[in-house]
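J.: This is the structure, below, for whatever I ask next.
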Amino acid sequence: MKAFGPSFVGLTGSAAAIADAEKKYRVYAVKKPLQNGAYGMDHSSVLYLMGPNGKLLNFYDEAISPDDLAKDLEQKL
């Protein structure tokens, strides 16, 4: 996560807990080996908007435009 900057937080936990979160959020994630023992991750690129109670309010995929995303967030916030 360091490559993305200090404000990014990665999913962490036991393999079982991560698998459970992937299933619940319908996330695709596959570890891909790279050279020199490094690895990359192929994964879904979905933004989840969560309410203060921790429940899902909406989700957005890469097809949404920045303007439409901003409009929807303004309505929901």
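J.: Give the calculated FRET efficiency between Val27 and Met1 to the nearest 0.05, with a Förster radius of 22 Å applied to their Cβ-Cβ distance.
T.: With a Förster radius of 22 Å, E is 0.85.
J.: What is the local net charge at Gly40, summed over the other residues whose Cβ is closer than 10 Å to its Cβ (Lys, Arg +1; Asp, Glu -1)?
T.: That sum, taken over residues with Cβ under 10 Å, equals +1.
J.: A further question follows. Which residue, chosen from Ala3, Ala16, Leu47, occupies the Cα position most advanced towards the positive end of the dipole of the chain, where the dipole is computed from +1 (Lys, Arg) and -1 (Asp, Glu) charges on Cβ about the Cα centre?
T.: The residue sitting farthest along the positive end of the dipole is Ala16.
J.: Another question, then. Express in nm, to one decimal, how much length is gained between Met50 and Ala16 on full extension, taking 0.36 nm for each residue of separation and deducting their alpha carbon distance.
T.: Values: separation 34, 0.36 × 34 = 12.24 nm, distance 2.26 nm.
Extra length from Met50 to Ala16 when fully extended: 10.0 nm.
J.: Also: Using alpha carbons only, how many degrees (0 to 90, rounded to 10) separate the axis of helix 15-24 from the longest principal axis of the chain?
T.: Its long axis makes an angle of about 30 degrees.
J.: Just to be sure I understand the model, the point goes 7 Å from the Cα along the line to the Cβ. What's the resulting Ala63 to His43 distance in nm?
T.: 2.3 nm
J.: Using the crude model of +1 on Lys and Arg Cβ and -1 on Asp and Glu Cβ, and no other charge, please compute the dipole size for the chain relative to its Cα centre, in debye to 20. It would help to have the intermediate numbers written out before the result.
T.: Details: 9 positive and 9 negative charges, 76 e Å.
My answer is approximately 360 debye.
J.: May I ask you to evaluate 6.51 cos²θ - 1.76 cosθ + 1.60, the Karplus curve with θ = phi - 60°, for each residue of segment 2-9 and list the ³J(HN,Hα) values in order in whole Hz, giving x for glycine and proline?
T.: The phi angles translate into 4, 5, 9, x, x, 8, 8, 10 Hz.
J.: Taking the chain as the reference, fit the longest principal axis to its C-alpha atoms, fit the long axis of helix 66-76 to the helix C-alpha atoms, and give the angle between the two in degrees, 0 to 90, nearest 10.
T.: Relative to the chain, helix 66-76 is tipped by roughly 60 degrees.
Rule-based calculations on the coordinates, nothing more; no lab input. Owing to the predicted nature of the structure, the values given are computational and were not obtained by experimental measurement. Cβ atoms come from the backbone with ideal geometry, glycine included; neighbour counts cover every protein chain shown.
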